[in-house]
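Down below is the structure, laid out as structure tokens.
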Amino acid sequence: MKKLSLFLAGIFSLALSLNANAQTQAGADNFIGKWNVLVKGLPNGDTKMIVNLQKGDTTLTGSIQDSTGNEISKFSKVDVSDTSATVYFTAQGYDVYLRLDKKGDDHVTGSMMDMFDAEGDRVKEMKQ
């Protein structure tokens, strides 16, 4: 009887971990692509940037670009849940992070370093 309950507990744990991984993957798919983001209230004023999230082998990767598309910094880490993505990168010699919360399919809100408000829209790629 003890072996049966241990076996069932193992099966339950496996099913739970597979479900959690599937949810994280679905959340990651929500954020893949380019996002025009405006960060408000920075010391040098409001700043426009492009957050470019790409699907890597096992996680999301990408970079921060300026408003003209020039790369500023690659992401050192990306954390994703079903409704938010947090990207970590270096800017002007400081390690910073930007959290984006999903607001519909093509809109995000969030904050940089939990101090500066951010809002953004998905960049629509033109089909040729």
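The values are calculated or read from the model by the stated rules, or taken from the named source; none is laboratory data. None of these values were measured; they are calculated from a predicted model. Cβ atoms come from the backbone with ideal geometry, glycine included; neighbour counts cover every protein chain shown. Note: accessible area is taken over every heavy atom of the protein model, side chains too, but ligands, DNA and RNA are not part of it. Shrake-Rupley method; radii C 1.70, N 1.55, O 1.52, S 1.80 Å.
Restricting 109, 83 to those that are hydroxyl-bearing (Ser, Thr, Tyr) and at pLDDT below 95 reduces the list to 83. Can you confirm whether the range 54-61 contains a residue that is over 19 Å from residue 125 (Cβ atoms), loosely packed, with under 13 Cβ neighbours inside 10 Å and of a type in the set (Ser, Thr, Tyr)? Scanning the range 54-61, I find at least one residue that is over 19 Å from residue 125 (Cβ atoms), loosely packed, with under 13 Cβ neighbours inside 10 Å and of a type in the set (Ser, Thr, Tyr), so the answer is yes.
I want to confirm something. Restricting to the range 62-79 and keeping residues that are surrounded by fewer than 14 Cβ atoms within 10 Å (Cβ to Cβ) and in a loop (DSSP other than H, G, I, E, B), which single residue is modelled with the highest pLDDT? Step by step, filter the range 62-79, then rank; the result is 76.
Suppose we keep only residues that are surrounded by 15 or more Cβ atoms within 10 Å (Cβ to Cβ) and not polar (S, T, N, Q) within the range 92-109. Which one would you say is nearest to residue 119 (Cα to Cα)? Selected residue: 108.
Looking for whichever is among the hydroxyl-bearing types (Ser, Thr, Tyr) and either within 21 Å of residue 103 (Cβ to Cβ) or modelled with pLDDT of 90 or more (or both) here; the options are 59, 24. Which one fits? Sole residue among the options that is among the hydroxyl-bearing types (Ser, Thr, Tyr) and either within 21 Å of residue 103 (Cβ to Cβ) or modelled with pLDDT of 90 or more (or both): 24.
The lone criterion from (1) outside any strand (DSSP E or B); (2) under 14 Å from residue 36 (Cα atoms) left unmet by residue 82 is number (2).
Within the range 44-53, if we keep just the residues that are within 13 Å of residue 112 (Cβ to Cβ) and part of a strand (DSSP E or B), the residue that is least open to solvent (accessible area, probe 1.4 Å) turns out to be 51.
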